[in-house]
Amino acid sequence: MNLKPVKKERISDQIIDQIFKLIVSGNLKPGDKIPSERKMTELFDVSRNSIREAIKLLEMLGFLVSKRGDGTYIADMSSDVFEGYINKHNISNDNLNASEVVEARMAIEPSIAKLAAERRTEKQLNMLENIVDEIENNSKSKNNEADLYFHRMLAKASQNKVLEETLNFLIDYTSEVSKKSREINETFFPLRIRKKVEEHRTILEAIKNQDSKKASVLMYRHLKNVKIKLERLSSE
């Protein structure tokens, strides 16, 4: 388990953030048992009181569930759990921007693409191919809908409920931000559409060939390109 010693300020929040990242990345899954308090004290290099405080907060947020006499486990989570985490950290549509949304997606979607390449079914592959065709052939509004659907379908194909819920929640929660970014995107339609289709098709090809490493790298590059273009346009 890739845990790091934390600094001596806001210790419980740092512990929570590290565990949250492990859940989002799929390294910790619903039903997994977390290490004992003693072991976590060693892993994080903090006091047992700090570990207990973090565990208590994670239980309150719905990420963990304790079973008396057995230990503490990752809970079976829904999007409501992620909303609680977001609310705790005072994240709202008012203080999010399109670039931050893309950064968040850059953190999780390469893992989604990797797992989708390994686990996708033939039916899901066919659906992804149809979606890319829709991205290429439809009007602006339907093109954007198809684009988001492609990413949602990839999350479903990853067969990781935590990642799927996280991405869907991020897209839904930041709908206003997404709307603004789509409006920016339309300013360079159809030039952008050709690049978008090309990037989606290369990701799809890697998933079709079950090349998980390539799918992950291509997804990261795709989202990085989106972020660069958004920042460039917003500064004009």
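A short reminder: the numbers here are calculations on the coordinates, not readings from a lab. Here the structure is a predicted model, which means the values were calculated and not measured. Heads up, the Cβs are rebuilt from the backbone with ideal geometry, glycines too, and the neighbour counts pull from every protein chain shown.
Summary table
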| item | result |
| --- | --- |
| Pairwise label distance in nanometres, Glu205 with Asp45, each label 7 Å out on the Cα-Cβ vector | 4.5 nm |
| Approximate spin-label separation Val217-Glu134, in nm, with each point projected 7 Å along Cα-to-Cβ | 3.0 nm |
| Extension reserve of the Glu145-Ser36 stretch, reckoned as 0.36 nm per residue once the Cα distance is removed | 34.8 nm |
| Ranking of Met106, Met40, Met219 by count of other Cβ atoms within 10 Å, fewest first | Met106, Met40, Met219 |
| Pairs beyond 31 Å (Cα-Cα), from Lys56/Lys161; Lys123/Lys214; Lys67/Lys224; Lys39/Lys208 | Lys67/Lys224; Lys39/Lys208 |
| In sequence order, calculated HN-Hα J values of the stretch 28-44 (Karplus, 6.51, -1.76, 1.60; Hz; x Gly/Pro) | 10, 10, x, x, 6, 8, 7, x, 5, 4, 4, 5, 5, 4, 6, 5, 8 |
| Cα-based Rg of the stretch 11-77 normalised by 2.2 N^0.38 Å, two decimals | 1.00 |
| Efficiency of FRET between Arg152 and Glu59 - r from beta-carbon atoms, R0 22 angstrom, step 0.05 | 0.15 |
